[in-house]
Amino acid sequence: MKPRRVGMARGYEEMDGANVPRPLGSTATGAGVPGTDAIAGGAPQSPGAAAGGTMLAGAAPEFELASVSVVPDDTYTVTQAVNALGFGWFQVKLSLCVGLCWMADSMEMTILSVLGPALHCDWGISRYQQALVTTVVFLGMMLSSTFWGHLSDRYGRKPALTLCGVLLFLYGLLSSVAPSFGWLLLLRGLVGFAIGCVPQSVTLYAEFLPTKQRAKCVVLLDCFWALGACFEVALALAVTPTLGWRWLLGLSAAPLFIFAIITPWLPESARYHVTSGQSDKALNTLEQIAKDNRRPMLLGRLVVEGPSGSRGSLKALLGSSLRRTTLLLWFIWMSCAFCYYGLVLMSTELFGGKNKTIIDASMTADDGPTIDCQPLATTDYMDLLWTTLAEFPGIFATIYVIEKFGRKKTMALQFLFYAGCVLMITVTEVRVFLTIILFMARGVIAGLFQAAYVYTPEVYPTALRSVGVGGCSALARLGAMATPYIAQVLFQTSIWSAVTVYGIFAACASVACMLLPYETRGADLAH
């Protein structure tokens, strides 16, 4: 990378070969503009110019290269290109690919609320073992999030997502044939390890979205999440009562297989290519966007948006300029996952508890007592489906609020609303009212999760974006690891104690949202 020359816009650096004097008789072609013969500011090369700047007899006057200044309009960045090329068919295709990844992730998460009670009845596992089935998945996700972030920032988003799709399908399928509880824990932990890469799909997606559409489109990804959750509940209703949980695990891996097949067609991030010095590949990607969206390609040279810095550095996230933002986001993401998955698990406990039966004495836990089995009935699955459908209105409400009030205020208000909803669980036992309360709480926490996914890639620079999202995802998994012991274990002892814990966490996270130093509404992705 060369030093910035006089006349270049502040914060930009030249690509190799840009504005470099060429030998006599040769022509310079602007990057990404085939067939444009120009030097520096666009002055035509004179055929009569002699070496050393001397003039041949009869030749037209020639300006020295040193006297030609660089015109700022000759340059453009990836951000400017993405904004100019707009939203079109390219982003639609990418939305479907990334959406399928989110749908598969959602199915693997939703199955946890069904798998625990099924194993409780089938294998006679204890409440703590049931919670451990959920915890081990999030443990794998937490341990792998920073790994996938480093991999994405160093080798690209596409290779990481490709490997993620293959591993996720393999371990998901093997889970369905686990011979024992120990093997099931190991395989579900490996599933969690692979799922840790899924947030990188949001990073890839956000980097191809124009500024005006970015928040709406990222939030709309939650439609695929909600669709996957609804599909998993419907699949569980159709499969579990007759074929059992093994078939449910196997069939749930089908979207992962489809995603693994289509990952070779995913585009690599143009921002990643530019920051890693592969400007020719970035230009090819931008030209593909222009072709798919039927827009003219920008004229000029592609330049780097500010200094590249050290890519994939976890230490840089805690530097003086980002320390406050990072620590607050870690707590916000941890609280968000703690509250979201806690509500999902509590919903199953609330509905399944109405059908509590005692298993025959021949099926007991390792510690001896008779097992209380809570199989989900058809009405329970339908109520779970209704509460899951709440994510759709939650998404669309978030799209409106996040653009009107900004990211910080939206997340703060949603945390407060969630706290109020979960505390209302203790005031009624009427199933209809309980379903309505869970419906509202599920909608607002689902929208909140997506608001966090909008804000986080916007606030981190390109060189740290993947590892920044990965670090937040890791802390989110820490919250998700703890939530089964509140929603499944403590909840059975005292409903009031359990919902109070969620209310306190939500209120504290609301304060943390308002303490964030930056509001990113309407801003370009950070350089």
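The values are calculated or read from the model by the stated rules, or taken from the named source; none is laboratory data. Not measured: the values here are computed from a predicted model. Backbone-built Cβ (ideal geometry, glycine too); neighbour counts: all protein chains shown. For accessibility, only protein heavy atoms count, side chains too; no ligands or nucleic acids. Shrake-Rupley method; radii C 1.70, N 1.55, O 1.52, S 1.80 Å.
For region 200-232, taking the residues that are among the charged types (D, E, K, R) and closer than 14 Å to LEU100 by Cα, the one that is modelled with the highest pLDDT is identified as GLU232.
For VAL136, the conditions (1) at pLDDT 85 or above; (2) farther than 19 Å from SER473 by Cβ all hold with the exception of (2).
Exactly one residue out of THR493, THR500 is without any contact (Cβ under 8 Å) to a residue 12 or more places away in the chain and open to solvent by 30 Å² or more (accessible area, probe 1.4 Å), and it is THR493.
Within region 151-166, the set of residues being buried (at least 18 other Cβ atoms within 10 Å of the Cβ) and either at pLDDT 90 or above or touching a Gly at 6+ places or on another chain (Cβ under 6 Å) (or both) comprises ASP153 only.
Candidates are the residues of region 191-218 that are under 10 Å from the mean Cα position of the chain (by Cα) and of a type in the set (A, V, I, L, M, F, W, C); the one that is surrounded by the most Cβ atoms within 10 Å (Cβ to Cβ) is CYS197. Filtering region 100-119 for residues that are in the same structural domain as ALA270 (by the TED database), surrounded by fewer than 18 Cβ atoms within 10 Å (Cβ to Cβ) and at pLDDT 80 or above leaves a non-empty set.
In this structure, is ARG214 more than 28 Å from ARG477 (Cα to Cα) and touching a residue at least 12 places away in the same chain (Cβ under 8 Å)?
On the way: more than 28 Å from ARG477 (Cα to Cα): no; touching a residue at least 12 places away in the same chain (Cβ under 8 Å): yes.
No: the conditions fail for ARG214.
For region 479-487, check the following and say yes or no: at least one residue is out of contact with any Leu (no Cβ under 9 Å at 6 or more places or on another chain) and more than 29 Å from LYS315 (Cβ to Cβ). Yes, the conditions are met somewhere in region 479-487.
Every residue, every condition in (1) over 19 Å from ALA194 (Cα atoms); (2) free of Cβ contacts under 8 Å to residues at least 40 places away in the same chain, yes or no:
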residue: VAL82; (1), (2): yes, no
residue: GLY86; (1), (2): yes, no
residue: LEU96; (1), (2): yes, yes
residue: CYS101; (1), (2): no, no
residue: ALA104; (1), (2): no, no
residue: MET109; (1), (2): no, no
residue: GLN129; (1), (2): yes, no
residue: VAL133; (1), (2): no, no
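If you scan region 423-447, which residues turn out to be in contact with a Gly (Cβ under 8 Å, 6 or more places away or on another chain) and either in contact (Cβ under 8 Å) with a residue 60 or more places away in the chain or among the hydroxyl-bearing types (Ser, Thr, Tyr) (or both)? Even if it seems obvious, please write down each step before you answer.
Filtering region 423-447 down to residues in contact with a Gly (Cβ under 8 Å, 6 or more places away or on another chain) leaves 423, 442-447.
Those that are in contact with a Gly (Cβ under 8 Å, 6 or more places away or on another chain) and either in contact (Cβ under 8 Å) with a residue 60 or more places away in the chain or among the hydroxyl-bearing types (Ser, Thr, Tyr) (or both): LEU423, ARG442, ILE445, ALA446, GLY447.
For region 435-449, a residue qualifies if it is farther than 13 Å from TYR341 by Cβ and either surrounded by fewer than 24 Cβ atoms within 10 Å (Cβ to Cβ) or β-branched (Val, Ile, Thr) (or both), and the qualifying residues are THR435, ILE436, ILE437, PHE439, MET440, VAL444.
Take the residues of region 403-418 that are open to solvent by less than 10 Å² (accessible area, probe 1.4 Å) and under 15 Å from MET440 (Cα atoms): which is farthest from the chain's Cα centre (by Cα)?
Keep residues of region 403-418 that are open to solvent by less than 10 Å² (accessible area, probe 1.4 Å), which gives 406-407, 410-412, 415, 418.
The next check asks that each one be under 15 Å from MET440 (Cα atoms); those that pass are 415, 418.
On the way: PHE415: 20, TYR418: 22 Å.
That would be TYR418.
The set of residues in region 449-460 that are of a type outside the set (Val, Ile, Thr) and touching a Ser or Thr at 6+ places or on another chain (Cβ under 9 Å) comprises GLN450, ALA451, TYR455, PRO457, GLU458, TYR460.
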